Amino acid sequence: MRKIEIPGEPKDYYVGLRNDSGIIEYSALRGKIRQLVINHQLAISKIIDDGGNPHTGILEINDEISGFFSHEPIGAQVAFQETFSQELGAYAASKNEEAANLISKTTKEEHQKATNSFAIASWSIAIIFFLVVMAIINH
């Protein structure tokens, strides 16, 4: 049973065009590969949710993807792998950016809470000090 959903056929992920020299040049279809990257991440999440080892899971998923393309021309495999790697990198960068923004937002909120708590404590101390001074003066 596959750990990842790979829609379609391998030929759906690339095109091959014959150049002026008669050599076929392959180009990956980024949009299809981008969807595969999303499926890749969903499969990893499922492995984690099921209590599996994500590191070995990633290797197994990558083996499945490589096997899916193994009978395609080498040029097509290279074009696919290059684009797949780029898309994985872009996906990871976007998730890192989301995490950094969340951390920044949380840090700002915690700083604001701490500042508010400090202000409340300062005013409380000032009021207590004032009441003590007033009690001493009135005695």
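The values are calculated or read from the model by the stated rules, or taken from the named source; none is laboratory data. As the structure is a prediction and not an experimental result, all values here were calculated from the model. Positions of Cβ are backbone-derived with ideal geometry, glycine not excepted, and every protein chain shown enters the neighbour counts. Surface accessibility is based on the protein's heavy atoms, side chains included, excluding ligands, DNA and RNA. Shrake-Rupley method; radii C 1.70, N 1.55, O 1.52, S 1.80 Å.
Overview of results
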item	result
Test: residue in the range 48-56 that is open to solvent by less than 80 Å² (accessible area, probe 1.4 Å), out of contact with any strand residue (DSSP E or B) (no Cβ under 7 Å at 6 or more places or on another chain) and assigned to a helix (DSSP H, G or I)	yes
Hey, THR83 within 25 Å of LYS3 (Cβ to Cβ), part of a helix (DSSP H, G or I), of a type in the set (S, T, N, Q) and touching a strand residue (DSSP E or B) at 6+ places or on another chain (Cβ under 8 Å) or not	yes
Matching entry among ASN39, ASN62 (being open to solvent by less than 50 Å² (accessible area, probe 1.4 Å) and closer than 21 Å to GLU9 by Cβ)	ASN39
Filter result for GLY75 (open to solvent by 30 Å² or more (accessible area, probe 1.4 Å) and either in contact with a Phe, Trp or Tyr (Cβ under 8 Å, 6 or more places away or on another chain) or modelled with pLDDT of 95 or more (or both))	yes
Filtered residues of the range 11-36 (kept if of a type outside the set (A, V, I, L, M, F, W, C), more than 17 Å from the chain's Cα centre (by Cα) and open to solvent by 90 Å² or more (accessible area, probe 1.4 Å))	LYS11, ARG18, ASP20, SER21, GLU25, ARG30
